[in-house]
1. Just checking, how many residues over segment 123-139 are within 15 Å of the ligand (Cβ to nearest atom), open to solvent by 20 Å² or more (accessible area, probe 1.4 Å) and either within 18 Å of Leu280 (Cβ to Cβ) or not polar (S, T, N, Q) (or both)?
2. Just to confirm my filter: which helices (runs of 4 or more DSSP H) fall fully inside segment 187-293 and include at least 2 residues that are within 16 Å of the ligand (Cβ to nearest atom)?
3. Tally time: how many residues in segment 24-72 are of a type in the set (Val, Ile, Thr), closer than 19 Å to Leu93 by Cβ and without any contact (Cβ under 8 Å) to a residue 40 or more places away in the chain?
4. Check segment 275-289 and report whether any residue there is basic (Lys, Arg), without any contact (Cβ under 8 Å) to a residue 40 or more places away in the chain and crowded, with 17+ Cβ neighbours inside 10 Å.
5. Tell me whether segment 23-46 contains one or more residues that are outside any helix (DSSP H, G or I), more than 20 Å from Val118 (Cβ to Cβ), open to solvent by 20 Å² or more (accessible area, probe 1.4 Å) and within 16 Å of the ligand (Cβ to nearest atom).
6. If I go through segment 96-118 residue by residue, how many of them are without any contact (Cβ under 8 Å) to a residue 40 or more places away in the chain and among the hydrophobic types (A, V, I, L, M, F, W, C)?
Amino acid sequence: MILLDGKKISEEVKQEIAQEVNQMVASGQKRPNLAVIMVGDEGASATYVASKIKTCREVGFDSTDIHYPASVTEEEVLQKIRKINTDPTIDGLIVQLPLPKHISESKVIETIDYRKDVDGFHPINTGRMAMGLPSYLPATPAGIIEMLRRYNIETDGKNCVVLGRSNIVGTPISLLMSRKANPGNATVTICHSRTQNLKAVCAQADILIVAIGQPEFVTADMVKPGAVVIDVGIHRMPSTETKSGFKLKGDVKFDEVAPKSSYITPVPGGVGLMTIICLLQNTLLAAQKKIYP
Ligand code: GUN
């Protein structure tokens, strides 16, 4: 079994991005600038946003951190987005999800200029991705693809089973795994809450990608010997083993699945770190106007 080391790979990509930024600055260009809007104080979101801002600094990006209380109106957020859309100093904009119930996520996403939509959530980017046209790829699926690429994992002709059909992970990763590309060219099955014989379907997977949002859902009996297992889940679980009283767990029961798999992502230290780095990769592409000249 080989651990897919998100820390190592994300460090490599981070160095590559930092080098590009140095070259941009040396040639008189401005630093890429990512704007992050967060609404409310949801604990997990605050942690993710803090990591995104910190990683921006580490690669030499500027960042613009905008934080509203949960009571902010939808219109106020939309107005801010419109202002950033026309602000030439900002290259990329993300609005951290989830949002409070009174703010429409789809309205927010559709208000972002697709050329600054470095989360790749705007329907224009989603549609272009589905058609195989240049677009910003959503960061978590892009991170998974980058890991598979850097570990030279064969995907061509393999059976890939995706657990979960969210707009952020399950749906886009299934498109990317099935497209005519490397990594890609897999035969993809998407499983969800209505799937019958879920365990049997999972057990057919050469590559199992789990983004179901339930701690330790995947057990050893669901995994084919030698499978590649990608765990997108991240859950803060009470634990007596740690000083903090918490331990991070994935959607996969790591201890029993790892010995059966050929490659597996740990939690933490797997996909999560790749997500942030792919967001920064998109921001670099935005600053360089590589996708939309
Ligand atoms: N919430 C969970 N994942 C993401 C993400 O990739 N982007 C944003 N904006 N919000 C998220």
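The values are calculated or read from the model by the stated rules, or taken from the named source; none is laboratory data. All figures in this text were calculated on a predicted structure; none of them were measured in a lab. Neighbour counts are summed over all protein chains in view; Cβ atoms, including those assigned to glycine, are modelled from backbone coordinates with ideal geometry. We work out accessible area using only protein heavy atoms, side chains counted, and drop any ligands, DNA or RNA first. Shrake-Rupley method; radii C 1.70, N 1.55, O 1.52, S 1.80 Å.
1. 1
2. Where helices (runs of 4 or more DSSP H) fall fully within segment 187-293 and carry at least 2 residues being within 16 Å of the ligand (Cβ to nearest atom), they are 271-287.
3. Matching residues across segment 24-72 total 4.
4. No, that holds for no residue.
5. Yes, the conditions are met somewhere in segment 23-46.
6. Going through segment 96-118, the residues without any contact (Cβ under 8 Å) to a residue 40 or more places away in the chain turn out to be 101-102, 104-113, 117.
Cutting the leftovers down to among the hydrophobic types (A, V, I, L, M, F, W, C) gives us 108-109, 112.
Total meeting the criteria: 3.
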